[in-house]
Amino acid sequence: MFHIMPRIFASLPLASLLIGFAAQAGLLVVPPALTALYVLARDRVIRRRVGHAAWPSDGFARHVLVDDLGQLICFTLLGLPLFFAGHAMRTMLLGASAPADFCLPCLPPPPPLCYATADRQSGGLVNERDIQNP
């Protein structure tokens, strides 16, 4: 139980970097949220094992929970710049024309607007593109 937490905390920065490379900002909260759920579940297991033992055992359980939550906050804050570094790598490798999927789901771009203006000589409507490029 205690050997898996260093591996989970080591994977959080990598997850932020990969999420940034995928340009999915909405997924940035998933790894810390799953880790927090695991930390809280692990705290319940430790407290069940301690039971009604002496105060030092309960203090140990509190120490483990606070220590893990503190590390989780630090790794979550470290993940924000790594997300932007991953997005910068995506832009550098794939170019600025690569679509950034920052909205889930992404909507197609709107069609180009075509404005019509009144032509004073003929009395009809004329496309603005025809006025700019006769």
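If r is the Cβ-Cβ distance from L14 to A88 and R0 is 22 Å, what FRET efficiency results, to the nearest 0.05?
On the way: r = 16 Å, r/R0 = 0.73.
Computed FRET efficiency for L14 and A88: 0.85.
Here M92, M5 are placed in order of increasing Cβ neighbour count within 10 Å, fewest first, which gives M92, M5. Under 17 Å from a label point set 7 Å out along the Cα-to-Cβ vector of Y38, the amide N atoms of the stretch 8-29 belong to 8-19, 28-29. Neighbour counts of other Cβ atoms within 10 Å put H3, H87, H63 in the fewest-to-most order H3, H63, H87.
Rule-based calculations on the coordinates, nothing more; no lab input. Treat the numbers as computed from the prediction; the structure is a model and nothing was measured. Every residue, glycine as well, gets a Cβ built from its backbone with ideal geometry; the counts of neighbours run over all protein chains shown.
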